[in-house]
Amino acid sequence: MAERADVVFVDGVRTPFGKAGEKGMYWNTRADDLVVKAIVGLLERNPNAPKDQIDDVAIAATTQTGDQGLTIGRSAAILAGLPKSVPGFAIDRMCAGAMTSVAMLAGSIGYGQYRLAIGGGVEHMGHHPMGSGVDPNPRFVAEKMVSEDALVMGATAERIHDRFPHLTKERADRYALGSQQRTASAYEAGKIQQDLVPVAIRTTEGWGLATRDEVMRPETTLEGLAGLKTPFRPHGRVTAGNASGLNDGATAALLASGDAAKEYGLNVKMKLVSYAFAGVDPAIMGIGPVPATEKALRIAGLKMDDIGILEVNEAFAVQVLSLLDHYGIDDDDPRVNPWGGAIAVGHPLASSGVRLMNQLASQFAERPDVRYGITTMCVGLGQGGTMIWENPNYSRKAAKKA
Amino acid sequence: MTDYTKIDFTELAGMFDDEVVTHSYVRDIPLSAGRTLALVTLDNGRDHTRPNTLGPNTLLEYAATLDRLAERAAAGEIHAVAVTGKPFILAAGADLSKVSQLPNRESGLRIAQLGHFALGKLATVGVPSFAFINGLALGGGVEIGLHADYRTVDASLPALALPEVFLGMIPGWGGATLLPNLIGIENALKIVVENPLKQNRTIKAPDVLELGIADVMFPSVNYLEDSIRWADDVLSGRVKVKRPNEPGKVERLVKWDAAIGIAKKMLQSRIGTVPKSPYAALELLKAAKSGTREEGFAREDEMLADLVSGDQFHASIYAFNLVQKRAKRPAGAPDKALAKPVTKVGVLGAGYMASQFALLFLRRLQVPVIITDLDQERVDKGVAYITGEIDTLLGKGRISPDEANRLKALVHGTTDKSEFADCDWVIEAVFEELSIKQDVFAEIEKVVSPEAVLATNTSSLSVEEIGAKLEHPERVVGFHFFTPVAVMPLIEVVKTSKTDDATLSTAMVTAAKLKKNAVITADTPGFVVNRLLAVLLGEAMRAVDEGTSFETVDQAMAPLGLPMAPSALLDLVGLKVGAHVLDTHHAAFPDRFYRSENLHALADYGTLLEKDDKGKVKGFDKGALKIVAGGTNPSTAEEILTRLEDGLARETRLMLDDEVVAAAEDIDLCMILGAGFPFQMGGLTPYLDRVGASERVFGDTFHHPPVKGVES
């Protein structure tokens, strides 16, 4: 009989995130190559992990056609040079794709079926624009199951502003500015780069090397943000400045059971405490992290007060604010996205979950005073996902000092 | 020493006015510790089917790019330079599209000098230089990298080679000088001389690393990223590059000249002394032992200028284009869409030749192959040969066990011809006698569908006559292989006056699937290759019968530079076959082809050459010499050569007049692929033109203008 096991996050990496579209750095790079390079980079950093002992490769993508098709977890495993004996599969929960791949692999590890696994995600939104090739069932609208806004993410974000009038555009812009600034200082200190794998990119001017996220705007100002168009509503509140953009990128993480990590001498960056996914009205999908986090905390037997760092995906600033508001956390609370977030570095849908984990894991290493952290994100069609992690470097002494 | 900066290359660049320019793009790559690598990408903007090539305009742009980088290096803006290619391709070497039109030796010299001028700049850019050999690298493509300080190679590299000697040149943009000083003289001999002469063999990434051409190899998946990181490590001193094959003092003092000497002897015995380029390469490699790079480059310049203005180079380029282009689009081939599917193959006969056919069809078409013969014993023997060969392939790891099972399950032997009913391609390889062949075809026609193609491997009979007794002669085609079947690349596809387009197309498509080059010939005696070899053997035997020694005959034909002398050719094909070939051609054209009673006597006697235990030829057999003794009118070597050249010119002219093939080019293609006639002869007709045989025989040349060198 298989035995229940601890689940640990050994390591995670990602490609630099690019700007989607013809002018973006990855326009001539295949989506599958992006995630393959992430997997290769991950395994190079963890040479102790025996490749032939990897039990599964789960790669998420929202659009699973073209260079994101062909059961991308399996095809990426082959392309990355993993032994053919290592299986793989594709997974999709839109923005929470990579988070779901980690969670589902974690379930398999926790239940003793797997000991080592690779999870991650990729989204090349240049090659696969949001909503391309979808054919929504007419019943959604005919039977008023969801509002028409539900499929336009910006419109769902406007609805958060509607529901919580005190979450103003000004607060959203201020939050967005903070994200840019925190990202800039994290870059300055070399904190983000440590988990990036460089990607050779083909351009009309020859080969280049992507080593940084492409869309950061450290020069952002409140005034600048205030003047941006509101593409989802006339005189609305959601702008390109207080939302994440359209991006290309990929992530990969190595997960293990506690005893496998011990056996192979793998460094443990985080221990999984709990995870949960939850549904909300698709028309206001951005509040999904609230019920998901409630649930994950309940399963973990923890309270928000126990959480030292929150890595919240910044699909939209207002969506982050709605979560913070729910828990009475200040907009500029230093526990929240200390190294900035998706508004600055970008959000290639299905890949982002592991980026949150990478950043949380790196902060855990620096912060023995923090015991628990959260990664959470909202998901299209009205969902939220949350994973709660424990810091293996935690020490009571450090916590007392802090 | 040549000051390349003082040479004006604009005229040369102007001659290549429609060059597909391979551009040199530069992007800065950030490295650790604030360093910057300037990465040069060579890209002609086309996909991988049009590889990067290096013409004068490409080289001038590359040179200008490196000049700018040298300035930036001096200003401290960049700390390293690397050169790489577009996906799958670094560069396939010099742009040869115009080299056969260069007006004089001077312009050839300019090409050599421009290569040194441009490629040499990587070595003097002022910061460490790297070549990232990311894909196909041939000739000048390799030499780009040789001028760099360090090299990496992509593990999936399909091919790297210095094929110049194969084309009648030498690696004259630094290769002949730099390579031996990088990887040692013996390795350099392999790359520069040996491989080009082995059907232009190329090497793959592991060998590139092993020989020391590259310092390190990285897997394809992350090749460029890894190469950049490695360059960073080299710059920062984290990686120290070791070159175990780099020649030391001892090698220079002791090994170098000896290796050259051995190579020269081997060349002389293998290919004779007619081809110039291998010996020119040896001379350069020998001289590369000492002195400066610049002196080496100057020697390369002069040597390259000599060669590219000479006859052999022009003939070689002509031959190369035939093999590369014309062979792939055979003249007179009907639309491929007309070809009928071949889903089951029948082989009539189970002897050695038939079994070889069966094996080839089996491996290449991977369809059921059925063989038959007069009795079960012969059939079993044929099947056993085939399955044995499959096991050999399996044992060598050339095919997987699954593949071996698949192939074995596809082959079947029977004496029951009715099992041929669903074959759509039947090839016969029975005894070379008209009535027998007619009968087996007539018998099989009763069984197979009216559309099934009937192919004959006859070498001396009329294909049309073989099909004369058939109800559907339009599906009969000649399909003449050369032995050994697995190795020789040519098939003469013989079209009779009745052969229909669907049948001809099926034959051409099938030949291509067998990975053979097919040339369409008319149904005339000997088709192309045997008819011309019959001229050669006939003139040889005529001279012998008249009292000339075999030695003199062999020497007489040596200036052609053929792969073997007439005596060796007779020994290879067999004296009986030789006599038979002369007989059939004499019977067809009694006034032009010689038949030799002596050759029949020799065939009965059985031996011409005296060999030692290992099969090495020691001389002529004494008994054989007795048989041919008695002639009283010996010829000189010159007389024999002239007779041979004239005979070949006459026969070739007649074949073209009779439209045996579409053009002189097809004759040459046949002789190159079917008889191993050398590139430096251009097959046959360029040689006949340049030695004056065409002029002597029919007062003109085969080619206008003739394929030959330029005035110096």
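For this structure, a couple of remarks:
- Pairwise label distance in nanometres, B:Thr10 with B:Arg406, each label 7 Å out on the Cα-Cβ vector: 6.1 nm
- Rounded to whole numbers, the Karplus 3J(HN,Hα) couplings from phi for segment B:489-497 are x, 9, 10, 8, 9, 9, 9, 8, 5 Hz, using 6.51 cos²θ - 1.76 cosθ + 1.60 with θ = phi - 60°, and x at Gly and Pro.
- Rg over Rh for segment B:529-659 works out to 0.96, using Cα positions for both radii and the Kirkwood form for Rh.
- Calculated [222 nm] ellipticity per residue, helices only, for chain A: -9500 deg cm²/dmol; basis is -39500 (n - 2.57) per DSSP H run with n ≥ 4, divided by all residues, nearest 500.
- Isotropically averaged projected area of chain A, using the convex hull of Cα atoms (one quarter of hull area), nm²: 20.0 nm²
- Nearest-0.05 FRET efficiency for B:Thr607 and A:Ile78, computed from C-beta distance (R0 60 Å): 0.50
- If you bin all the Cα-Cα distances of the protein assembly as shown at 20 Å, starting from zero, the percentages per bin are 11, 30, 30, 21, 8, 1, 0.
- Qualifying aspartates and glutamates (Cα of each under 15 Å from Cα of B:Lys616; at least 8 residues distant if same chain): B:Asp571
- Think of it as helices only: each DSSP H run of n ≥ 4 in chain B is worth -39500 (n - 2.57), and spread over all residues that comes to -13500 deg cm²/dmol at 222 nm.
- On Cα atoms only, tilt of B:501-513 relative to the major axis of chain B in degrees: 50 degrees
- Among B:Lys336, B:Lys190, sorting on how many other beta-carbon atoms sit within 10 Å of each Cβ, with the fewest leading, yields B:Lys336, B:Lys190.
- Counting DSSP beta bridges with both ends in segment B:132-272, the antiparallel % (nearest 5): 10 percent
- Euclidean distance between Cα centres, segment B:304-325 to segment A:31-104, Å: 51 Å
- 3J(HN,Hα) along segment B:117-132, derived from phi through the Karplus expression 6.51 cos²θ - 1.76 cosθ + 1.60 where θ = phi - 60°, amounts to 4, 7, 5, x, 5, 5, 7, 10, 6, x, 10, x, 10, 10, 10, 9 Hz, with x in place of Gly and Pro.
- From phi via Karplus (6.51, -1.76, 1.60), per-residue ³J(HN,Hα) for segment B:39-48 in Hz, x at Gly/Pro: 9, 8, 10, 8, 8, 8, x, 9, 7, 5
- Amide H contacts under 5 Å for B:Gly85, placed H, 5+ residues apart: B:Leu42, B:Asn134
- Bridge type composition, the protein assembly as shown - antiparallel percent by DSSP, nearest 5: 50 percent
- Working from label points 7 Å from Cα in the Cα-to-Cβ sense, the A:Arg298 to B:Val617 distance is 9.5 nm.
- Per-pair calculated FRET efficiency, R0 = 35 Å: B:Gln199 and B:Ser418 via Cβ, rounded to 0.05: 0.20
- Straight-distance crosslink candidates among aspartates and glutamates, where the alpha carbon sits under 12 Å from A:Lys37 and sequence neighbours closer than 8 are dropped: B:Glu225, B:Asp226
- Qualifying aspartates and glutamates (Cα of each under 18 Å from Cα of B:Lys408; at least 8 residues distant if same chain): B:Asp380, B:Glu389, B:Asp391, B:Glu419
- Extension gain, B:Arg252 to B:Arg329: 0.36 nm times the residue separation minus the Cα-Cα distance gives 22.9 nm.
- Ranking of A:Val141, B:Val369, B:Val323 by count of other Cβ atoms within 10 Å, fewest first: A:Val141, B:Val323, B:Val369
- When the GluC sites (Glu not before Pro) in segment B:51-133 are filtered for DSSP coil states and for at most 15 other beta-carbon atoms within 10 Å of their beta-carbon, the remaining sites are B:Glu77.
- Computed as a quarter of the hull surface, the mean projected area of the alpha carbon convex hull for segment B:4-309 stands at 15.1 nm².
- Going from the fewest other Cβ atoms within 10 Å to the most, the residues B:Tyr687, B:Tyr279 appear in the order B:Tyr279, B:Tyr687.
- Long-range amide H partners of A:Gly308 with built H, under 5 Å: A:Arg371, A:Tyr372, A:Gly373
- Interchain or long-range residues, amide H under 5 Å from A:Ala210's placed H: A:Val199, A:Ala200, A:Ile201
- Both numbers refer to the Cα atoms of segment B:595-638; Rg and Dmax are 12.3, 36 Å.
- Over 23 Å apart at the Cα level, from the set B:Lys198/B:Lys515; B:Lys381/B:Lys495; A:Lys23/B:Lys86, are B:Lys381/B:Lys495.
- Whole-number D in µm² s⁻¹ for segment B:606-712, Kirkwood Cα-pair radius fed into Stokes-Einstein, 25 °C, 0.890 mPa s: 150 µm²/s
- Cα long-axis angle, helix B:352-365 against chain B (0 to 90 degrees, to the nearest 10): 50 degrees
- Cα centroid of segment B:225-265 to Cα centroid of segment B:1-52, whole Å: 26 Å
- Entries in B:Lys264/B:Lys325; B:Lys249/B:Lys276; B:Lys265/B:Lys611; B:Lys264/B:Lys286; B:Lys249/B:Lys286; B:Lys446/B:Lys469 that, when Cα-Cα distance is taken, lie over 22 Å: B:Lys264/B:Lys325; B:Lys249/B:Lys276
- Relative contact order, whole percent, for chain B stands at 11, derived from Cα pairs under 8 Å and 6 or more residues apart.
- Exposed GluC sites (Glu not before Pro) absent - longest run of chain A, DSSP non-H/G/I/E/B, at most 14 other C-beta within 10 Å: A:220-402
- Förster radius 30 Å - calculated FRET efficiency between B:Glu71 and B:His48, Cβ distance, rounded to 0.05: 0.35
Each reported figure results from applying straightforward, stated rules to the coordinates on display, with no laboratory input. Since we're looking at a predicted model, the values are computed, not measured. With ideal geometry, Cβ positions are generated from the backbone for all residues, glycine too; neighbour counts draw on all protein chains shown.
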